[in-house]
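Reading through the structure tokens given below for one structure.
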Amino acid sequence: MNNLKQYREYLYMQELAESTIYLYLRIARKFLDFAGEKAVDKSDALAYKKHLEQSGLAVATINQQIIAVNRYLRFCGSGRCAVKTERIQRHGSIENVISEGDYLQMLIYTRKHGDDKYYSIMKTLALTGIRISELKYFKAENIGTGHITVNNKGKIREIYLPDSLITLLKGYCERHGITEGSIF
């Protein structure tokens, strides 16, 4: 069952990211080390799942490893040995969200101290809901189109810009002499 070279090629042909391929191969090796040299059966997969649960890992990490092991088992033609992931109960939380008052205070502070860049970044984040890492997709030449195409984490999506943000960003570009390329 230890055919990791072919498994790597299989994962590559599935167009997975290189980091995902590396992760899946590492987890497959750990599973094979755990299971030993014999043919793997459902009891091995269940024992590995129990081993993961007892290791003190977070449920999300355990599930990630189970998903990777199941994928390897299916690749090997042993999909019947796949095991279920653990259920995660998600709690809605707004602990990490700033209040509107704090947001407005930050905007006032940046304006007062002449920090046009951070003011524009905060407005962009707040009005679009994008991740900070997605700011690089905001190009001067695309602002007038009313949307930005973001290619992040293997997904392509369109971010639509409110008119007030288009006006703000056009003004920012003019003030800073940005005519093309990344705004931030």
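The values are calculated or read from the model by the stated rules, or taken from the named source; none is laboratory data. Given the structure is predicted, the values throughout are model-derived calculations rather than measurements. When we count neighbours, we look across all protein chains shown, and the Cβ atoms used for this are built from the backbone with ideal geometry, even at glycine. These area figures cover heavy atoms from the full protein model, side chains too; ligands, DNA and RNA do not enter into them. Shrake-Rupley method; radii C 1.70, N 1.55, O 1.52, S 1.80 Å.
As an exercise: evaluate S133 against (1) in a helix (DSSP H, G or I); (2) under 24 Å from G177 (Cβ atoms) and give the number of the one condition it does not meet.
Looking at each condition in turn, S133 falls short on (2).
Which residues, counting only those in region 9-29, are open to solvent by 90 Å² or more (accessible area, probe 1.4 Å) and free of Cβ contacts under 8 Å to residues at least 24 places away in the same chain?
Scanning region 9-29 gives E9, Y12, M13, E15, E18, Y22, R26.
Condition check ((1) under 25 Å from the mean Cα position of the chain (by Cα); (2) modelled with pLDDT of 90 or more; (3) over 25 Å from K155 (Cα atoms)) across all residues:
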| site | (1), (2), (3) |
| --- | --- |
| I27 | yes, yes, no |
| F34 | no, yes, yes |
| H51 | no, yes, yes |
| A60 | yes, no, no |
| Q65 | yes, yes, no |
| R71 | yes, yes, no |
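Go through region 146-157 and give me each residue that's surrounded by 10 or more Cβ atoms within 10 Å (Cβ to Cβ) and in a strand (DSSP E or B).
H147, I148, T149, V150, N151, N152, R157
Is it the case, given these coordinates, that I143 is part of a loop (DSSP other than H, G, I, E, B) and in contact (Cβ under 8 Å) with a residue 24 or more places away in the chain?
no
When the residues of region 54-81 are narrowed to those that are within 23 Å of K5 (Cβ to Cβ), hydrophobic (A, V, I, L, M, F, W, C) and in contact (Cβ under 8 Å) with a residue 24 or more places away in the chain, which ends up surrounded by the most Cβ atoms within 10 Å (Cβ to Cβ)?
Out of the qualifying residues, it is V69.
Out of curiosity, is N96 open to solvent by less than 50 Å² (accessible area, probe 1.4 Å) and either touching a residue at least 60 places away in the same chain (Cβ under 8 Å) or not aromatic (F, W, Y) (or both)?
So N96 fails the test.
Please go through region 110-128 and give me each residue that is open to solvent by 50 Å² or more (accessible area, probe 1.4 Å) and free of Cβ contacts under 8 Å to residues at least 12 places away in the same chain, ordered by number.
The answer is R111, K112, H113, G114, D115, Y118.
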